[in-house]
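All of the numbers you see were taken from the coordinates with simple rules; none came from a lab. From a predicted model like this one, the values you see are computed outputs, not experimental measurements. Cβ coordinates were reconstructed from backbone atoms using ideal geometry, including for glycine residues, and neighbour counts include every protein chain displayed.
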Amino acid sequence: MQKNSVQIQSVIFQNEKESLYKAIKAIDNAVRVNREADGLLGDLRLYYGDASPEPVFMEKDIKYIKEELCRNISFEYKFFGFNSGSAKGHNILAETCNTDYIMIMNPDVILSAHFWGEIFKPFALDKTGMVEARQTPLEHQKEYDIKTGETDWATTACALIRTSIFKDLKGFDSDTFFLYCDDLDFSWRLRLEGFSIIYQPLAPVFHAKRLSHNASWQPTSAERYYSMEAAVLMAYKWSNPSRVKELLEVFKKGGELERKVVEEFMKRKNSGKLPEPIDKNHKIARFYGDFYSKNRYIL
Amino acid sequence: MENIYTDIMGEVGEFSPVRNYFNRIREILSKEGNSKYHEEYLPIITRANAEKTKKIFLSVITRTQGKRPEALRETLLCLSGQTDMDFEVLIIGHKLASEGSSLVDDIIEEQETELKNRIRFLELDYGNRTTPLNYGFANAYGDYIAILDDDDLVFDNWVEEFHKAAGIWPGTVLHAYIFGQKWMTVETDKSTLGLRAVAKPNTDYCKDFILKNQLYMNVCPPVGLAFPANTFKKLGIIFDEDLDTTEDWDFFMRTVFVSGITDIKTATGIYRLWTNAESSATLHTQKEWAQNREVILQKFEKCPVALNEKWISECTHPGKFCNEQQSISADTRKNIIHPKLYYDDGKGFTEKNSISGENMDQYPYFSTEFQIPTDAKKLRFDVNEAGMVILKHISITITDIKGKGHIITMNEFRHNGHRFEDTIVYLEPDPQLVIDISSLCDPISIAFVGEVTTNISDNMIQYCNSRLKKSFFRKIISSRRKG
């Protein structure tokens with residue numbers, strides 16, 4: 001049986017070491033379980049790119065990780081020396097990737113023990129380009145086909161991609177997206193090439209998110225800014241000028257963050273740094289209000 | 001205890017609530033009053049205390065019958081993500097067949113070492129669904145004990161929040177906010193059922209504990225609770241194994257009566273409500289739920305309770321607590337709509353002349369129909385027992401022997417609530433609508449349709465209270481005039 005090699009890559013930014021150690025131990029354990037079951041997983045390399053102002057890990061920490069935590073996997077660490085954002089950070093890490101699959105993962109995500117037994121299954125179909133894990137305890141709200149698992153896009157909180165496709169698509173569009181919608185844009189480009197995205201509910205991963213007691217998100221101002229900026233850029237790149245206009249008009253009347261989004265968009269426009277619009281026939285891109293797929297519910 | 005009893009009891013009368021309180025505590029602690037604890041569980045507790053080698057904050061009790069392996073895996077996954085790892089897990093396999101036992105063993109063996117070393121797997125092949133709880137609690141090493149069923153989900157701060165609260169209010173029951181969320185199983189793989197969220201998390205259980213509401217219905221899912229171990233281990237407050245539903249409510253309240261409670265105003269987990277899978281809601285009939293509920297309410301009446309300041313304040317200032325704090329349990333919504341018809345045959349309304357009805361619709365809507373007894377002159381409709389509801393869009397239709405329907409308007413029936421615009425607000429128990437049918441010719445059935453809500457606004461409360469004051473002063477003035 002052919003084994004599949006995987007590079008898991010995470011961009012870290014001032015993460016707490018203990019939470020990273022926990023995630024690393026879970027990855028190593030999941031590999032152990034799969035090996036004991038003679039599963040499909042071959043070699044696994046965990047690659048952290050550090051976009052923090054100061055390195056999260058010192059030499060002794062890296063030694064500890066390699067010797068104490070990584071019994072079944074190999075570990076690499078790269079301090080970028082600048083704040084790359086997630087899109088660029090992942091592209092840097094992927095440059096040296098020579099494994100069959102590349103897994104984009106938030107650094108604090110904890111894999112379930114039998115993760116590898118489930119995440120590969122949808123790749124039995126050649127047209128599957130990307131498989132997304134189910135987040136718990138707060139599952140992502142987007143819709144997916146119950147029978148086939150097919151979905152419109154995948155979040156890269158934890159998603160496995162054929163490396164060949166990732167490289168053919170030249171990774172994430174880091175020129176356009178800093179922190180948000182890089183995964184959405186990548187998903188749609190993957191689908192534009194004829195590949196499908198599968199959501200795998202049997203591969204849960206723990207993602208430490210919380211809601212306020214009235215069941216709403218509590219984003220930071222940075223998260224709010226970058227998600228608004230990404231929304232305008234997505235609409236522009238994916239040929240939805242009416243949505244661009246609508247968003248800019250709303251943001252112009254908004255607060256400081258909203259107006260900053262407008263300034264940045266206009267700055268890029270005036271300097272010719274906006275992306276070339278694609279999918280002008282709207283074969284793939286779908287905008288459902290503020291969302292990019294149908295949802296089972298709205299959080 | 002004996003000295004207090006001797007010092008104080010001599011000074012208070014036979015019917016003193018303090019005497020009654022202490023007598024009931026003594027009964028709980030006595031062998032005769034609590035034989036199950038003394039004979040079955042105290043030996044286990046004693047052994048567990050002797051085995052314990054280190055201090056542990058929280059024992060997590062997870063019951064499983066091995067029927068939901070994916071859900072059990074996910075529950076353990078949530079525990080592996082905790083920010084505070086000062087806990088142990090007791091997985092109680094209840095009536096597992098050998099396949100089920102092997103499956104649970106395999107699931108435990110899969111776990112990462114840090115969690116695996118915290119798990120003890122105990123098997124139990126007797127008793128009902130309540131027995132594993134007692135067995136787990138008796139075997140627990142922790143200072144606190146929580147129930148995490150094999151389909152509950154918890155956030156990364158579940159243990160951490162309990163631990164913080166225990167540090168500030170030690171010895172109390174800890175109560176965290178919990179989201180309710182509808183889930184379903186999906187067949188994505190021929191051999192395994194996947195799990196899928198169906199609706200957004202709701203905030204039905206994100207409310208503080210209100211004693212008088214909790215005495216009527218339970219709105220605190222077990223996943224949001226942690227119990228001080230000593231009330232079980234030393235005071236003998238154990239689960240009632242005669243109950244096979246709402247056993248958690250009964251145990252929770254009897255523990256709170258003695259220990260008090262601390263609210264944690266942070267949501268730390270999700271109580272999953274299965275839309276297409278087996279659960280306690282589907283395994284038991286409404287009649288069984290109702291019967292168990294009656295048993296529990298009668299037990300509450302016999303419990304020793306020491307009211308603290310907050311609980312007294314809930315009674316003296318109901319408006320301060322009912323609005324923001326009142327919540328609706330998805331599991332017990334059926335108790336908000338619990339229709340009953342009383343009929344007066346000339347001798348007044350009595351329990352003997354009453355008919356319990358069924359709601360043909362779903363909360364918050366009600367639709368119920370009763371056959372009218374031939375000697376009935378007046379009818380009284382109670383939508384539930386507890387009150388604290390608003391009735392809206394009420395439609396009452398009486399059908400006569402010829403099949404003709406008579407619509408009863410809001411001006412044609414009396415009620416013991418407060419009319420507020422086109423609704424009726426009931427702040428007190430026994431909410432009633434009374435209809436005089438003596439002038440109708442051969443009525444044979446009566447149908448009630450409408451909507452209930454427990455969302456009583458401040459305006460409504462002020463309005464109702466001002467009406468009560470006016471009514472009170474009118475009575476005073478009237479009595480003075482008569483005098």
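A few points about this structure:
- Straight-line cross-link reach from residue B:116 at under 13 Å between alpha-carbon atoms covers these aspartates and glutamates, not counting any fewer than eight positions away in the same chain: B:88, B:105, B:106.
- Amide H contacts for residue B:274 (H built 1.01 Å from N in the peptide plane; partners 5 or more residues away or on another chain; cut-off under 5 Å): B:183.
- Computed over Cα pairs, the Kirkwood radius of region B:20-131 leads via Stokes-Einstein (0.890 mPa s, 25 °C) to a diffusion coefficient of 151 µm² per second.
- Relative counts (whole %) of C-alpha pair distances in region A:21-106, using bins that are 5 Å wide: 3, 12, 24, 22, 22, 12, 4, 2, 0
- Sequence-distant residues sharing a close amide H with residue A:134 (under 5 Å, placed H): A:200, A:203, A:205
- Using alpha-carbon coordinates, inclination of helix A:182-192 to the longest axis of chain A, degrees: 90
- Charge dipole magnitude, Cβ of K and R +1, D and E -1 - chain A, Cα centre, debye nearest 20: 520
- Each of B:140, B:53, B:232 was placed along the dipole of the protein assembly as shown (beta-carbon charges, centred on the mean Cα), and the one lying farthest toward the positive end is B:232.
- Convex hull volume per residue, computed on the Cα atoms of region B:115-251, equals 163 Å³.
- Between residue B:315 and residue A:16, the modelled labels are 4.4 nm apart [label points 7 Å from Cα along Cα→Cβ].
- Applying D = kT/(6 pi eta Rh) to region B:332-457, where Rh is the Kirkwood radius over alpha-carbon pairs, T corresponds to 37 °C and eta to 0.692 mPa s, the Stokes-Einstein value obtained is 225 µm²/s.
- Sorted by Cβ neighbour density within 10 Å, fewest at the top, the residues B:85, B:217, A:234: B:85, B:217, A:234
- 31 Å Cα-Cα threshold exceeded, pairs from A:209/A:267; A:252/B:182; B:234/B:299; A:127/A:294: A:209/A:267; A:252/B:182
- Pairwise alpha-carbon distances in region B:31-316 exceed 31 Å for 24% of all pairs.
- Neighbour-count order for A:143, B:39, fewest beta carbons within 10 angstrom listed first: B:39, A:143
- Averaging 1/r across all pairs of distinct Cα atoms in chain A and inverting the result yields a Kirkwood radius of 20.1 Å.
- Remark: relative contact order (region B:332-457) = 32 percent; criterion is Cα-Cα distance under 8 angstrom and separation of 6 or more residues.
- Global form of region A:100-175, assessed from the alpha-carbon gyration tensor, a/c cut-off 1.5: rounded
- Across A:22/B:54; B:36/B:265; A:3/A:170, pairs whose alpha-carbon gap is larger than 27 Å: B:36/B:265
- Measuring r between the beta carbons of residue B:374 and residue B:466 and using R0 = 41 Å, the FRET efficiency lands at 0.45.
- When only Cα pairs below 8 angstrom with a gap of at least 6 residues are kept, chain B shows a relative contact order of 12 percent.
- Amide H to amide H distances under 5 Å link residue B:120 with B:89, B:90, B:91, where only residues 5 or more positions off or on other chains count and H is placed in the peptide plane.
- Signed unit charges on C-beta, dipole axis of chain B, positive-most listed residue B:315, B:92, B:276: B:315
- Multiplying each eigenvalue of the alpha-carbon gyration tensor of region B:77-162 by 5 and taking the square root yields semi-axes of 22, 16, 11 Å, largest first, rounded to whole angstroms.
- Angle in degrees between helix B:17-29 and the longest Cα principal axis of chain B, rounded to the nearest 10: 40
- Rg/Rh for region B:120-201, where both radii come from Cα atoms and Rh is the Kirkwood radius: 1.04
- Expressed in Å, the radius of gyration and Dmax of the Cα atoms of chain B are 25.6, 84.
- Annotation for residue A:59 and residue A:125: the two label points, set 7 Å from Cα along the Cα-Cβ direction, are 5.1 nm apart.
- Pairs of Cα atoms nearer than 8 Å and 6+ residues apart set the relative contact order; for chain A it is 18 percent.
- A Förster radius of 35 Å, combined with the Cβ-Cβ distance separating residue B:244 from residue B:355, puts the computed FRET efficiency at roughly 0.85.
- Computed from backbone phi with θ = phi - 60° and the Karplus coefficients 6.51, -1.76 and 1.60, the 3J(HN,Hα) list for region B:431-445 is x, 10, 10, 10, 10, 8, 10, 5, 8, 7, 9, 6, x, 10, 8 Hz; x is used for glycine and proline.
- For the peptides B:90-98, B:48-56, the ranking by mean Cβ contacts within 10 Å, running from highest to lowest, is B:90-98, B:48-56.
- Legend: translational diffusion of the protein assembly as shown by Stokes-Einstein, Rh = Kirkwood radius over C-alpha pairs, 10 °C, 1.306 mPa s; D = 53 µm²/s.
- Placing unit charges on the Cβ atoms only, positive for Lys and Arg and negative for Asp and Glu, gives region B:31-316 a dipole magnitude near 620 debye about its Cα centre.
- Based on DSSP H segments of at least four residues, each scored -39500 (n - 2.57), chain B has a per-residue ellipticity at 222 nm of -10000 deg cm²/dmol.
- Each principal axis of region A:158-239 carries a Cα extent, and these read 43, 35, 18 Å when sorted largest first.
- Cα-based helix-to-principal-axis angle, B:458-482 vs chain B, degrees rounded to 10: 50
- Shape summary of region A:212-299, radius of gyration then Dmax from alpha carbon positions: 14.2, 44 Å.
- Convex hull volume of the C-alpha atoms in region A:153-299, normalised per residue: 138 Å³.
- Using Cβ point charges alone (K and R +1, D and E -1), the dipole size of chain B about the Cα centre works out to roughly 2180 debye.
- Label-to-label distance, nm, for residues given as residue A:298 and residue A:175 (7 Å Cα→Cβ offset): 3.5
- At R0 = 30 Å, FRET efficiency that the Cβ-Cβ distance of residue B:434 and residue B:291 yields, to 0.05: 0.60
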